[in-house]
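Chemist: Handing you this structure, nothing more for now.
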Amino acid sequence: MPGTVATVPEQFAQFLAEPRTGILSVARGEGRPPHATPVWFHFTGERFEVSITRNRTKFRHLERRPAVSLVIDDPMAWRTVIIEGTARILDDDASLLETARALRTKYRQGSPMTPDEEILRGLRAEERVVIAITPEHVVSWAR
């Protein structure tokens, strides 16, 4: 239900902190299957953040219909988190930098951190935005 905030069970905190790929699904329109793409994500403990570019199909779909689902799965360990929520598009400097740094730390461990000005220049050149998803419904399981 839009506006309701759901929480992710604490037992999945470490699982979501690991460098996993999520599958982001966005609505394409009446009678069409969802548009699903692999994404890197950052979980803040309250919301999920994904960085995308404005020239992607998913961005155009999100502008029209912000309802999304994000699936993070580890089939070998029988762990899954599925969230459904409403995406907000953020393009302020602070959100872009915070998410970019979190994603780099998570997915490119050991890579030297680039200065903020350089990161922001690259994000702006790529026309990046942050998709912030607050969970409204969470399904999870683990063995």
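Chemist: So is E127 out of contact with any Leu (no Cβ under 9 Å at 6 or more places or on another chain), more than 23 Å from A6 (Cβ to Cβ) and at pLDDT 95 or above or not?
Modeler: Working: out of contact with any Leu (no Cβ under 9 Å at 6 or more places or on another chain): yes; more than 23 Å from A6 (Cβ to Cβ): yes; at pLDDT 95 or above: yes.
Spelling it out, E127 is indeed out of contact with any Leu (no Cβ under 9 Å at 6 or more places or on another chain), more than 23 Å from A6 (Cβ to Cβ) and at pLDDT 95 or above.
Chemist: Related question: What number of residues within segment 89-143 satisfy the criterion of being part of a helix (DSSP H, G or I), out of contact with any Ser or Thr (no Cβ under 7 Å at 6 or more places or on another chain) and crowded, with 16+ Cβ neighbours inside 10 Å? Quick ask: steps written out before the conclusion?
Modeler: We begin by selecting, within segment 89-143, every residue part of a helix (DSSP H, G or I); these are 93-107, 116-125.
After this cut, where a residue has to be out of contact with any Ser or Thr (no Cβ under 7 Å at 6 or more places or on another chain) as well, the list is 93-98, 101-102, 105-107, 116-125.
After this cut, where a residue has to be crowded, with 16+ Cβ neighbours inside 10 Å as well, the list is 95-98, 102, 106, 119-120, 123.
Count: 9.
Okay, residues lined up against (1) part of a strand (DSSP E or B); (2) modelled with pLDDT of 95 or more; (3) among the β-branched types (V, I, T); (4) surrounded by fewer than 18 Cβ atoms within 10 Å (Cβ to Cβ):
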{"residue": "G3", "(1), (2), (3), (4)": "no, no, no, yes"}
{"residue": "L24", "(1), (2), (3), (4)": "yes, yes, no, no"}
{"residue": "R28", "(1), (2), (3), (4)": "no, no, no, yes"}
{"residue": "P33", "(1), (2), (3), (4)": "no, no, no, yes"}
{"residue": "A36", "(1), (2), (3), (4)": "yes, yes, no, yes"}
{"residue": "S51", "(1), (2), (3), (4)": "yes, yes, no, no"}
{"residue": "L70", "(1), (2), (3), (4)": "yes, yes, no, no"}
{"residue": "T80", "(1), (2), (3), (4)": "yes, yes, yes, yes"}
{"residue": "I83", "(1), (2), (3), (4)": "yes, yes, yes, no"}
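Chemist: When you look at F59, is it outside any loop (DSSP other than H, G, I, E, B), among the aromatic types (F, W, Y) and closer than 16 Å to T80 by Cα, yes or no? Let's see the steps before the verdict.
Modeler: Details: outside any loop (DSSP other than H, G, I, E, B): yes; among the aromatic types (F, W, Y): yes; closer than 16 Å to T80 by Cα: no.
Considered against the rule, which asks whether it is outside any loop (DSSP other than H, G, I, E, B), among the aromatic types (F, W, Y) and closer than 16 Å to T80 by Cα, F59 comes out as no.
The values are calculated or read from the model by the stated rules, or taken from the named source; none is laboratory data. Keep in mind that what you see is a predicted model, and the values were worked out from it rather than measured. FYI the Cβ positions are ideal-geometry reconstructions off the backbone, even for glycines, and counts take in every protein chain you see.
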